[in-house]
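Encoded as structure tokens, the structure appears first; notes follow it.
Please treat every number below as a calculation from the coordinates, not as lab data. If you're wondering where the values come from, they're calculated on a predicted model, not measured in any experiment. Backbone-built Cβ (ideal geometry, glycine too); neighbour counts: all protein chains shown.
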């Protein structure tokens, strides 16, 4: 058995494993301290994000009540009335938000002097209670104006007192009075005060959150610094082992990964195992490349003409779809090809196809944009050319037909017909159909030529 040259990685890994076990035990204590500091930071951030959520929830509930009351006053839809009192008496998000915020603040033993957000939120709650009174007053007027059965509405609205003067108002006057209550200056002043207190509460919570995070970050930084100092001392004692690991394993692996990405051969390395891996990989990869090239060529190329086949055409057409590429699409076929096959036989017919395909490739689309899509049918892409390029295409097609008209080397005379369509937005099924219509026009008007699709062709 051949002896591998270089350093044995198994021995190196054993040393590193022992070293890792030792370092793990020694760093547990310091890591625990870091974890504690991080937990404090995490819990502090979580609590104050919860507080910010409840402030936002309070604001959402206030806005919801305002919207539902105004919808009811404007549209007199009882569903809005039910939604309003369901929020007010069942969901009670405003009260829940204030209670939850109080729990968070009290849980952190924070005084109102340090965090007056709760006081601002309570002031906002009192203001929104005033809004609720105005909204209920307005909705009661609308309910009376619409002769709604008071027994079918919420008790809060049933027992809300309306003055005799208001009861004496007409239906239209009651509704106008209700609108004044929720759209008037007093309502807006109360609402603005509530919003201002809510925003102040939110601002204070953000400031307190930031302060708490800064304190926690400082403690965490101290703990991490202590951990770094200890690790630095240990690193100095194992520096040689780390260098061995770096140059015998990590660096070779980096080179291998880069080479694999670029599909290049793996370089020779000083370690036994990695060297054997590189040599084996290189042998296998070389065989794979040869097989891949063979299979790719076989899958993408037409066996007879060596042009790209229909599958590649469809892939490239999809890549050109919905782009800003100027594109000329040529559809071509060999005139009276069935007659050639019947007269001279299929072997001769194949020679005619090869000759025509070679000329199409040389004079029209080049190797990368000429496709045989079936029998005697071909497609050519001409990219980044506009419709004025048709004159050059016409001359080239005339050259092709001139060469095909001369029988030589056992290949009888033949000709091709071409249909051309232009698009400034890349490939589309419509472009293909236009070229096909132009080809049909060429066939119907004497063959052996080229036609450009225009709107007038559709009428012929």
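Below, the figures for the structure above:
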read-out: Normalised convex hull volume, the range 9-220, alpha-carbon set, Å³ per residue; value: 182
read-out: Label-point separation in nm, residue 298 to residue 358, each point 7 Å along Cα→Cβ; value: 2.6
read-out: Over the chain: helical MRE at 222 nm, DSSP H runs n ≥ 4 each giving -39500 (n - 2.57), nearest 500; value: -23000 deg cm²/dmol
read-out: Estimated D of the chain in µm² per second, where Rh is the Kirkwood radius over Cα pairs and Stokes-Einstein applies at 10 °C, 1.306 mPa s; value: 49
read-out: Stretch gain in nm, segment residue 318-residue 276, where the contour uses 0.36 nm per residue and the Cα spacing is subtracted; value: 10.7 nm
read-out: Mean Cβ neighbour count within 10 Å, used as a protection proxy, ranking 425-432, 78-85 highest first; value: 78-85, 425-432
read-out: Whole-angstrom Cα spans of the range 246-299 along principal axes, big to small; value: 44, 18, 10
read-out: Protection proxy ranking of 369-381, 290-302, 343-355 - average other beta-carbon atoms within 10 Å, highest first; value: 369-381, 343-355, 290-302
read-out: Cα-based shape type of the range 287-435, given that a ≥ b ≥ c are square roots of the gyration tensor eigenvalues and the cut on a/c is 1.5; value: oblate
read-out: Shape category assigned to the range 225-319 from the gyration tensor of Cα positions, a/c cut at 1.5; value: oblate
read-out: For the range 141-229, convex hull of alpha carbons as volume per residue, Å³; value: 160
read-out: Label-zone membership for the range 292-330, site residue 425, 7 angstrom Cα→C-beta point, backbone N under 20 Å; value: 316-330
read-out: Nitroxide proxy distance, nm - points 7 Å out along Cα→Cβ at residue 56 and residue 386; value: 5.3
read-out: Rg(Cα)/(2.2 N^0.38 Å) for the range 126-172, N = residue count; value: 1.16
read-out: Computed E for residue 27/residue 325 - FRET, C-beta separation, R0 60 angstrom, nearest 0.05; value: 0.50
read-out: Chain lengthening between residue 171 and residue 151 when straightened (0.36 nm per residue, less Cα-Cα); value: 5.2 nm
read-out: Ranked packing of 400-409, 202-211, most packed first, by mean Cβ within 10 Å; value: 202-211, 400-409
